[in-house]
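**Q** Here it is, the structure, as structure tokens.
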Amino acid sequence: MGAGGYCICPKCGEKIPHRRGVRCIDERCPKCGTVMLREGGYHHRKLEEQRSVDKKKS
């Protein structure tokens with residue numbers, strides 16, 4: 001995905017700049033301590049899809 005972009009917390013939504021050479025899953029959210037995901041990455045997209053489905057159900 002390249003050097004740019006952000007790591008995003010799936011729990012609280014906090015964003016931090018992606019650091020080159022450091023996977024987002026190796027980063028912890030500075031606010032809540034949850035493992036971060038790469039914004040726009042596979043796991044982030046799957047999380048957003050699931051949230052969309054859950055929102056439609058309620």
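**Q** Could you please let me know if Gly5 is in contact (Cβ under 8 Å) with a residue 12 or more places away in the chain and surrounded by 14 or more Cβ atoms within 10 Å (Cβ to Cβ)?
**A** So Gly5 fits the description; yes.
**Q** If you don't mind, another one. So which residues in the stretch 31-56 are surrounded by fewer than 11 Cβ atoms within 10 Å (Cβ to Cβ) and in a loop (DSSP other than H, G, I, E, B), if there are any at all?
**A** Once the filter is applied, which keeps residues that are surrounded by fewer than 11 Cβ atoms within 10 Å (Cβ to Cβ) and in a loop (DSSP other than H, G, I, E, B), the stretch 31-56 yields only Gly33.
**Q** I would also like to ask the following. Report every pair of residues separated by at least 6 positions or lying on different chains whose Cβ atoms are under 8 Å apart, first residue within the stretch 15-29 and more than 14 Å from Gly40 (Cα to Cα) and modelled with pLDDT under 95, second surrounded by 11 or more Cβ atoms within 10 Å (Cβ to Cβ) and not charged (D, E, K, R).
**A** Short answer, once both residue conditions are applied: none.
**Q** Okay, next question. Taking the conditions exactly as written (assigned to a loop (DSSP other than H, G, I, E, B), surrounded by 13 or more Cβ atoms within 10 Å (Cβ to Cβ) and in contact with a strand residue (DSSP E or B) (Cβ under 8 Å, 6 or more places away or on another chain)), does Pro10 satisfy them or not?
**A** yes
**Q** Using beta carbons and a limit of 6 Å, which pairs, at least six apart or on different chains, have the first residue in the stretch 33-57 and free of Cβ contacts under 8 Å to residues at least 60 places away in the same chain and the second one assigned to a loop (DSSP other than H, G, I, E, B) and β-branched (Val, Ile, Thr)?
**A** Taking only residues 6 or more apart or on different chains, not a single pair turns up.
The values are calculated or read from the model by the stated rules, or taken from the named source; none is laboratory data. For clarity, every value in this text was computed on a predicted model and none was experimentally measured. A quick note on method: Cβ atoms are made from the backbone with ideal geometry, for glycine too, and the neighbour counts reach across all protein chains shown.
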